[in-house]
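What follows is a set of notes on a single structure, which appears directly below.
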Amino acid sequence: METRHRAGRGGRSVSGDVAVLGVGMHPWGKWGRSFVTYGVHAARAALADAGVDWQDVDLVVGGETVRNGYAGYVAGATFAQALGWNGASVATSYAACATGAQALDTARSRIRAGSSRIALVIGADTTPKGFLAPNAGERWDDPDWLRFRLLGMTNPAYFAMYARRRMDLFGATVEDFAAVKVKNAAHGLDNPHARYRKAVTAEDVLGSAVVADPLHLLDICATSDGAAAVVLTSTEHASRLGVTDPVRLGAVSTVTPTFPNTVLDMPNLSTDAAGTFGQPATPFKESIARAAYEEAGVDPSDVDLAEVYDLSTALELDWMEDLGLCKQGEAEALLRAGDTTIGGRIPVNPSGGLACFGEAVPAQALAQVCEVTWQLRGRATGRQVEGARVGITANQGLFGHGSSVLLTR
């Protein structure tokens, strides 16, 4: 059992190992309040979980959300001010849906360098109704803006293309996609932070409106308000605080694609030509997890659970293969066999995933870290993966922001 006491404000130390001292979340939903409110709630929960006083935090890294006015562009200082100025250093990260992982990496680097002892990482969002779209204004050199202006390509249109590709290459069916939603809805039933906590049947999914063929409404995640926070320190300092067996931050991957990018990726309108250069040695999404495995010194076979970026049900199947949990084209077989449900060989999205949470962009990569931390501690009540010792996350942001976090116990 972990034991903690209030941190002192003493000297800092350099350590290669970084411990997750505390985690906290604000429940996902549509609450109609400022993202700052959600972030402060999550931060206080993480500090309480860590047994650390706010005055002992010497670094705040905020994941910014660019839809909420001026404060969204200076998230680190925004959260520090809301919690009460304590003299901490601040930093701010933005990497679309990979924002939380980049913010985590910033804090980890500062701890390793000895310039921070206790860091608080926060991501929070207040989302608009409907699908996410670029900010207003004309930006003719912005591919994210151009896809809406020239083609009307909302995010679900890309999700549908990925799904159709999976059907053509590997024989996936709409029933397989529906089965992912059914599984994740069952996982999220007892998750107090999830927005949607209701059992779903395959008939419910297939009977919901078609949004972008072949995907139905219940195949696609919603947009949500929510927040997550993580407290980090070195394992050496964690030991001084009485935490002798913490969850460790084994790796944080923030890689970018390698030219040529031969698979269409949002928000691009086309792929790179592969005729001259050929296929890259490792496709982008596979490279994200590979970097994490290499840094942590573990193998996909060591992983006990995965939290992946299920913007759509079909994308979860892609991520299973990109994480090396199975070979290409085998994800449907694992799903059908029950291997990816809690109690199966490799549970995927035991939290319920974005299917149960929805997107709260700067928070979701951190929310995945919260879930894996609870799982590795054995405290994921109602959805526990028994004996979990290694967990991996996968997230991806626009414009080549890769994101994977690997945690160990």
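Is the range 218-289 rounded, prolate or oblate when judged by the Cα gyration tensor, a ≥ b ≥ c being the square roots of its eigenvalues, rounded requiring a/c under 1.5 and prolate requiring a/b larger than b/c? It comes out oblate by the Cα gyration axes. Computed over protein heavy atoms with a 1.4 angstrom probe, the accessible surface ordering of Arg389, Arg139, Arg44, Arg166, largest first, is Arg44, Arg389, Arg139, Arg166.
Counting only heavy atoms of protein chains, what accessible area per residue, in Å², does the range 161-259 have with a probe of 1.4 Å? Counting only protein heavy atoms, the per-residue value for the range 161-259 is 41 Å². When both bridge partners sit in the chain, DSSP labels roughly 65% of those beta bridges antiparallel. The count of lysine pairs in the chain with alpha-carbon distances below 17 Å, taking only pairs 8 or more places apart or on different chains, stands at 5.
Over the chain, what percent of the accessible surface lies on carbon and sulfur atoms, probe 1.4 Å?
Numbers: 8180 of 15580 Å².
That share works out to 53 percent.
Most tightly packed first, judged by the mean number of other beta-carbon atoms within 10 Å of their residues, the peptides 45-54, 175-184, 199-208 read 175-184, 45-54, 199-208. Taking the Cα atoms of the range 323-376, the ratio Rg/Rh between the radius of gyration and the Kirkwood radius comes to 1.01. The equivalent ellipsoid that matches the C-alpha gyration tensor of the range 75-141 spans semi-axes of 28, 15, 11 angstrom, in descending order.
Take Arg164, Arg336 and sort them by solvent-accessible surface of the protein heavy atoms, 1.4 Å probe, largest at the top.
If we order Arg164, Arg336 from most to least accessible, we get Arg336, Arg164.
Amide H contacts under 5 Å for Val90: Val60, restricted to partners 5 or more places along the chain or on a different chain, H placed in the peptide plane at 1.01 Å from N. The three principal axes of the C-alpha atoms in the range 268-339 carry coordinate ranges of 41, 29, 19 Å, sorted with the longest axis first. Of the options Ala124, Ile111, Gln81, report the single residue whose Cα projects farthest towards the positive end of the charge dipole of the range 70-139 (beta-carbon charges: Lys, Arg +1; Asp, Glu -1). The one lying farthest along the dipole's positive direction is Ile111.
Couplings 3J(HN,Hα) of the range 257-268, computed from phi: x, 10, 5, x, 8, 9, 10, 4, 9, 4, x, 5 Hz, in residue order, whole Hz [Karplus 6.51 cos²θ - 1.76 cosθ + 1.60, θ = phi - 60°; x for Gly and Pro].
I need the shape label for the range 180-309. Rule: rounded when a/c is under 1.5, else prolate if a/b > b/c, else oblate, with a, b, c from the alpha carbon gyration tensor. Oblate. Quick check: net charge around Phe284, other residues with Cβ under 14 Å of its Cβ, Lys/Arg +1 and Asp/Glu -1? Here the charged neighbours net out to -4.
Just to be sure I understand the model, the point goes 7 Å from the Cα along the line to the Cβ. What's the resulting Lys327 to Leu189 distance in nm? Each label point lies 7 Å from its Cα, and together they span 3.5 nm. Can you compute the FRET efficiency between Leu132 and Val90 using 1/(1 + (r/R0)^6), with r the Cβ-Cβ distance and R0 = 30 Å? Round to the nearest 0.05. Using R0 = 30 Å, I get an efficiency of 0.70. Net charge dipole, the range 31-102: roughly 340 debye, given to the nearest 20, about the Cα centre with Cβ charges of +1 for Lys and Arg and -1 for Asp and Glu.
Over the range 295-350, average the accessible area per residue using a 1.4 Å probe and give it in Å², no decimals.
Values: 1880 Å² over 56 residues.
Here the residues of the range 295-350 average 34 Å² of exposed surface.
For the pair the range 337-351 / the range 177-239, the C-alpha centres are spaced 14 Å from each other. Only the Cβ atoms of Lys and Arg (+1) and of Asp and Glu (-1) were treated as charged; on that basis the dipole of the chain about its Cα centre amounts to roughly 1180 debye.
In terms of the mean number of neighbouring beta-carbon atoms within 10 Å, the peptides 397-409, 285-297 order highest first as 397-409, 285-297. Here the gap between Ala337 and Arg240, fully extended at 0.36 nm per residue and compared with their Cα-Cα distance, gives a gain of 30.4 nm. Of all the C-alpha pairs in the range 277-389, what % are more than 20 Å from each other? Across the range 277-389, Cα pairs with separations above 20 Å total 41 percent.
The values are calculated or read from the model by the stated rules, or taken from the named source; none is laboratory data. Computed from a prediction, not measured in an experiment: that's the story for all the values here. Don't worry about glycine lacking a Cβ; one is built from the backbone with ideal geometry, like all the others, and counts go over all protein chains shown. Side chains are part of the model used for accessible areas, which takes the heavy atoms of the whole protein and leaves out ligands, DNA and RNA. Shrake-Rupley method; radii C 1.70, N 1.55, O 1.52, S 1.80 Å.
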